[in-house]
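Here's the structure, in structure tokens; my notes come after.
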Amino acid sequence: MSELIQQLELGRLPQHVAIIMDGNGRWARQRGLSRLRGHQQGAESVRVIVRTAREIGIRYLTLYAFSEENWQRPRSEVQALMSLLKHYLRQELPEMQENGIAFQVIGNISQLPLGVQKEIAATMAATAANQQMTLTLALSYGGRSEIVQAAQSALKDLESGSLTIAELTPERFSTYLYTDSYPDPDLLIRTSGEFRLSNFLLWQLAYTELYFTETLWPDFRQSAFLQALLSYQQRDRRFGLTQEQIEAQTVSASRY
Ligand code: FPP
């Protein structure tokens with residue numbers, strides 16, 4: 001950790017990192033283990049990455065833990081994932097409190113088993129005042145559904161007269177998304193060598209830097225995460241501007 005962390009510019013970290021955690025099943029298959037064992041090791045990676053992100057000062061960490069499509073997996077796997085999630089929340093609450101981590105969820109939470117919903121609500125309530133980092137799990141989440149749900153809410157406001165068509169700018173539309181109060185992700189990481197977004201944060205990823213790695217999620221630990229952050233720091237983020245414009249902005253910002 002120490003060598004890689006020394007190479008990081010801590011003043012230029014991404015504010016918001018989003019991760020598509022993929023490859024638990026392949027990790028298990030390569031070892032002749034059950035898929036559940038892969039998910040258990042994956043949960044261990046979640047612990048390590050949350051701790052590391054908090055330690056180095058990332059403000060928002062958003063993890064894709066269960067997609068809308070994942071409901072189609074075998075019942076036994078869905079049940080195992082739900083109970084792993086409940087267990088994780090119970091076990092990690094003290095550490096979230098100690099480290100000032102606020103816990104949040106995005107997705108269609110009403111579809112989750114009641115026991116999981118209760119655990120989520122309790123963890124969110126207990127950590128609501130924490131301010132160092134926001135850890136968000138995307139659960140029963142789908143990006144297109146999120147956008148449609150946002151459009152429906154905006155249409156309701158149009159109907160009731162609290163919104164006009166002209167007022168519906170991209171900024172205003174963003175406030176109808178689950179991620180209303182979050183900055184857009186600066187960096188998206190996807191593990192396991194797949195090059196897809198899989199319906200994750202479709203609106204929010206418009207200008208996000210993408211990082212793909214072959215490493216399977218259960219093997220994605222501290223040094224792999226730091227490598228991803230180092231790669232991010234080598235990127236030029238121009239948001240559609242020219243390099244000259246960016247340099248001029250930097251010069252004028254440094255005057256104040
Ligand atoms: C993808 O691997 C992973 C998931 C669908 C679930 C993610 C769950 C965890 C990381 C563990 C539990 C989470 C928490 C927050 C405690 P895959 O099963 O699709 O892998 P494969 O593509 O190799 O089959």
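Our note on the geometry: Cα centres of segment 137-176 and segment 202-238, 28 Å apart. Each Lys and Arg contributes +1 and each Asp and Glu -1, all at the Cβ; summed about the Cα centre of segment 119-235, the dipole is approximately 180 debye.
Based on Cβ point charges of +1 for Lys and Arg and -1 for Asp and Glu, what charge dipole magnitude is obtained for the chain about its Cα centre, in debye rounded to the nearest 20? Before the final figure, lay out each step's value.
Details: 25 positive and 27 negative charges, 163 e Å.
Dipole about the Cα centre, nearest 20: 780 debye.
Here the contact order of the chain, divided by its residue count and restricted to Cα pairs under 8 Å and six or more residues apart, works out to 28 percent.
By average Cβ neighbour count within 10 Å, what is the ranking of 24-33, 183-192 from highest down?
Numbers: 24-33: 16.0, 183-192: 21.8.
Order by mean packing, descending: 183-192, 24-33.
Projecting the Cα atoms of G32, G142, G240 onto the charge dipole of the chain, computed from C-beta unit charges around the Cα centre, puts G32 farthest toward the positive end. Each of F239 and K118 was given a label point 7 Å from its Cα along the Cα-to-Cβ line. The distance between the two points is 4.5 nm. Peptides 113-123, 59-69 ranked from most to least packed, by the mean per-residue count of other Cβ atoms within 10 Å: 59-69, 113-123.
Order the peptides 166-176, 141-151 from the highest to the lowest mean number of other Cβ atoms within 10 Å of their residues. Before the final figure, lay out the partial values.
Details: 166-176: 12.1, 141-151: 17.2.
Ranked from most to least packed, the peptides come out as 141-151, 166-176.
Rg and Dmax of segment 96-225, based on Cα coordinates, read 17.0, 52 Å.
No lab work stands behind these numbers, since they all come straight from the coordinates. Predicted, not measured: the structure shown is a model, and the values here were computed from it. With ideal geometry, Cβ positions are generated from the backbone for all residues, glycine too; neighbour counts draw on all protein chains shown.
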